[in-house]
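Asks: Mind looking over this structure? Questions follow.
The values are calculated or read from the model by the stated rules, or taken from the named source; none is laboratory data. Only a predicted model underlies this, so the values are computations on that prediction, with no experimental measurement involved. Methodologically, a virtual Cβ is constructed for each residue, glycine included, from the backbone with ideal geometry; neighbour enumeration extends over all protein chains shown.
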Amino acid sequence: MMMVHPRDQVGGETHKNLVEPNVAASKKARNCACMVSYSVLILALLTLSILLLPLVLPPLPPPPLLLLFVPVFILVVLFFLAFSPSTLPNMAVLTS
């Protein structure tokens, strides 16, 4: 059992118990803000590199023709998978 000084008691509950949820919420908000700032920094650096690297690097020759069709082939495969019938058996879903 934790010993609590009488001045820290408020209405039968300890002052520490009343303050802990606010501390946890502020830590969570601080972690979220830190994560957002890191994400914004990474996106800003990525944008800067996309804008500046083409100015620094020499121009590249065009890729081979077959390599240009790779995204089209991926799209066709995804459409085929999306619209092909499922091989899973039909199962009844019970709702309450």
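Asks: From the list V72, V40, exactly one residue is modelled with pLDDT under 95 and within 30 Å of the chain's Cα centre (by Cα). Which is it?
Replies: Details: V72 fails: modelled with pLDDT under 95.
So the residue among V72, V40 that is modelled with pLDDT under 95 and within 30 Å of the chain's Cα centre (by Cα) is V40.
Asks: Another one. Out of (1) exposed (fewer than 10 other Cβ atoms within 10 Å of the Cβ); (2) over 26 Å from the mean Cα position of the chain (by Cα); (3) in a helix (DSSP H, G or I); (4) among the hydrophobic types (A, V, I, L, M, F, W, C), what's the single condition that is false for V93?
Replies: So V93 meets the others, but not (3).
Asks: In addition: Taking R7 and the conditions (1) out of contact with any helix residue (DSSP H, G or I) (no Cβ under 7 Å at 6 or more places or on another chain); (2) at pLDDT below 75; (3) surrounded by 10 or more Cβ atoms within 10 Å (Cβ to Cβ), which numbered condition does it fall short on, given that it satisfies the others?
Replies: (3)
Asks: Something else about it: If the Cβ limit is 8 Å and pairs must be 6+ apart or interchain, which residue in region 54-75 that is touching a residue at least 40 places away in the same chain (Cβ under 8 Å) pairs with which residue that is surrounded by fewer than 10 Cβ atoms within 10 Å (Cβ to Cβ)?
Replies: That search, which allows pairs on different chains as well, returns nothing.
Residue-by-condition table, conditions (1) within 28 Å of the chain's Cα centre (by Cα); (2) outside any loop (DSSP other than H, G, I, E, B):
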residue: L48; (1), (2): yes, yes
residue: L60; (1), (2): no, no
residue: L66; (1), (2): no, yes
residue: V77; (1), (2): yes, yes
